[in-house]
1. Considering only protein heavy atoms, what per residue accessible area in square angstrom results for chain A with a 1.4 angstrom probe?
2. Per residue of A:185-195, how many C-beta atoms from partner chains lie within 10 Å of its own C-beta, taken as a mean?
3. Can you tell me which of A:8-20, A:152-164, A:258-270 comes out highest on packing, and rank the rest after it, using the mean Cβ neighbours within 10 Å?
4. Take the solvent-accessible surface of the protein heavy atoms, probe 1.4 Å, and return the percent of it on segment B:237-355 that carbon and sulfur atoms account for.
5. Using only Cα atoms, locate the centre of segment A:137-175 and the centre of segment B:148-170, then give the distance between them in Å, rounded to an integer.
6. Translational diffusion coefficient of chain B at 4 °C, 1.567 mPa s, Stokes-Einstein with Kirkwood Rh over Cα pairs, in µm²/s as a whole number.
7. Which percent of the accessible area of segment A:63-293 is formed by carbon and sulfur heavy atoms (probe 1.4 angstrom)?
8. Is segment A:10-91 rounded, prolate or oblate when judged by the Cα gyration tensor, a ≥ b ≥ c being the square roots of its eigenvalues, rounded requiring a/c under 1.5 and prolate requiring a/b larger than b/c?
Amino acid sequence: MTELIRRYGKSLTTLMVLLTAFWLLILVLIPNLVLFQFSFKPYLPVDELGGAKDFYSLNNYITFFTSPIHINIFFMTVLYSSAVTILCLVLSYPLAYFLAKVVNPKTAPSIFLLLIIPLWVSEILRSFAWFIILAFNGPLNAMLQGIGLIQDPIRWITGYNAVIVGLVYSYLLFMLLPIYNAISSLDTNQIEASEDLGASLWRTHWRVVIPHSKPGIASGCVMVFMLCAGSVIVPSTLASPSSRWFTEIIQQWMFEGLDWNTGAAYAFLLLALCIIFVSLVMRVLNVRLVDIAK
Amino acid sequence: MSEDVTLSNISMDFGNFRAVDNVNITIKAGEFFSFLGPSGCGKTTILRLISGFMDPTAGKILIGGKDMTGTRPNERPTALIFQNLALFPLMPIWENIAFGLEVRGIDKATRRKKAEELLKLVDLKDSADKKVSQLSGGQKQRVAIARALAVEPKVMLLDEPLSALDLKLRQHMRAELRAIQKRTGVTFIYITHDQGEALAMSDRVGVMSQGVLQQVSAPNEIYNNPANGFVASFVGENNIFDGKIKAIKGGMASFETSQGVFDAKVGPGVEKNTVVRLYVRPEHSLLAKAASKTSNSIPVEVTDLAFEGNFINVFLRDAAGHTHMAQMQNDPNSPLPSRGSKLHMNFDGDDSLLLVHAKTRG
Ligand SMILES: Nc1ncnc2c1ncn2[C@@H]1O[C@H](COP(=O)(O)OP(=O)(O)OP(=O)(O)O)[C@@H](O)[C@H]1O
Ligand SMILES: [Mg+2]
């Protein structure tokens, strides 16, 4: 704090602290606290607010725990978000390594540009594009039939297939970039030293590259998982009759049922899930929160 | 125990830049061999070719008589000590040292034992469980050596491993490296741009310039009989004269300069019409009141003196305005020449060498 004052002077420091406080307090903390408070109250008609029935309880949470369908959807969301996270990790790690250490540093930026261009299109359009591609009479089936790989068109949009494809596509970069950054910061001589000492490529990765890039892997996993679990557009655009996402249930409570209270309770369950996931990832990868935040 | 290394017609191109140009040499088993040359002359490139990180554009590398073409670094009997050491910061010291054993599938207890033995060898007994960041520069150096020794390489490759250390430690590590090399009998290929280091440590030295190997000889040969002007200037100081050969007879020539005609020995490959310069070492340039009748001599004026301890460098200017240097032993009983005094610099024909400039590419 004194350091800040010394560098920027009193008035500028005050302004910066106030802005940060505004952002944290007004835009993040207070809305969440209001919602948190909501989640313990019953959903009541306006004239009964403040009445005899208006008291705090865990009833909204109990609604969830007594609804097997919602519990099922919750776990499906966890399961498939984890699956997407793992898929993204498996796809990103080799690509990140390739971009950071194999490709000529001069061409890497153009490859990145190519990777980032799709992000300029909004998520809803990108999901819809996949919807078209994967459609029963869509271009993917047409192409596969055209080159003679399949006889009859395949129904791609069943179960969670299409949702997984859409989520991987949407959030891959959030895995790629932190891992790429982590691997870039590794001294290439260390990779070579490992090989020179007799290590196979696999062991060099296991003992040298992966331990070094753990913070990047952790922050990639955390980001992708949270984005997936919290995603609404992709799961609803690419949904099949048998795929439901937990966020859709929250949306139903809030906007179709207008029951903000139960919706808020469900939203906090999702938040709790994400917190548990973050701590789990940190435990498994043995990294600290500051490493991830970097 | 150790193997010989042969570079046969090795060239290495990066794009259209030739970093190593047709190098031919056999480094003997158990030898301490140094590549010496200025920055950018291709020393690291040669080392990376031997360790297998790059394939030469042309030529072959043989280790122990076996052609290494297509053999990956992890299958070559070499161990490279990197310019920046490249220790693994996330592993404790002992795991760093035992890494090469780990990849060979040796069990943990044996690895630990071997690591501790090696730590004793490099005088770091109590550091097994420390982190890399807890060690000093010299200690890291020794860990890097131990890590390389652990895989029992036939050939050890060292890329300026002492350049980051301060002078005292550097001198200490020189002796230590030399001792380790003698004790283990491993072939050492050492890279440096420090001529003192190369001359002091090596059995033989290869001097390089712009990718071309200029001369390969024992240290004293390099200093006393440099093959060309580049080697003479890179290894030690010289007083240099431009001129033209008038006549050659029995290995001696008379060399005409703007300062007069001098007798000089003819260097390798020098003939009547080759373009050469005359090189005289400062310690062979003797100062006297009078011009010598029997040796070469020029009148000079003392411009400055530098006291170096056991000897004194005297800076001189000749009639044509060229600067020279004479080296005198420090003798408390004889007076030093004073600045501005007019003296004669005498140098024997046997101590004067006519040398071509340098071997160039092609
Ligand atoms: N991968 C590369 N691509 C292009 N040029 C390179 C590459 N590696 C080295 N060079 C060039 O080759 C020449 C020799 O490089 P090298 O690293 O072998 O020099 P060096 O003798 O080890 O120098 P130093 O003493 O500074 O380490 C340099 O001019 C360098 O710019
Ligand atoms: Mg180098």
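The values are calculated or read from the model by the stated rules, or taken from the named source; none is laboratory data. Values in this document were obtained by computation on a predicted structure and should not be read as measured data. Cβ: placed from backbone, ideal geometry, glycine included. Neighbour counts: every protein chain shown. Heads up: the accessible areas ignore ligands, DNA and RNA and are worked out on the full protein's heavy atoms, side chains in. Shrake-Rupley method; radii C 1.70, N 1.55, O 1.52, S 1.80 Å.
1. Values: 16650 Å² over 294 residues.
Accessible surface, normalised per residue, equals 57 Å².
2. Numbers: counts 0, 0, 6, 1, 8, 8, 1, 8, 16, 7, 9.
The per-residue average across the peptide is 6.
3. A:258-270, A:152-164, A:8-20
4. Values: 3330 of 6570 Å².
Carbon and sulfur atoms account for 51 percent of the accessible area of segment B:237-355.
5. What the calculation gives is 55 Å, centre to centre.
6. Working: Rh = 23.0 Å.
My calculation gives 56 µm²/s for D.
7. Numbers: 8200 of 11460 Å².
About 72 percent, which is the carbon plus sulfur part of the accessible surface.
8. Working: a/c = 4.63, a/b = 1.08, b/c = 4.27.
Oblate.
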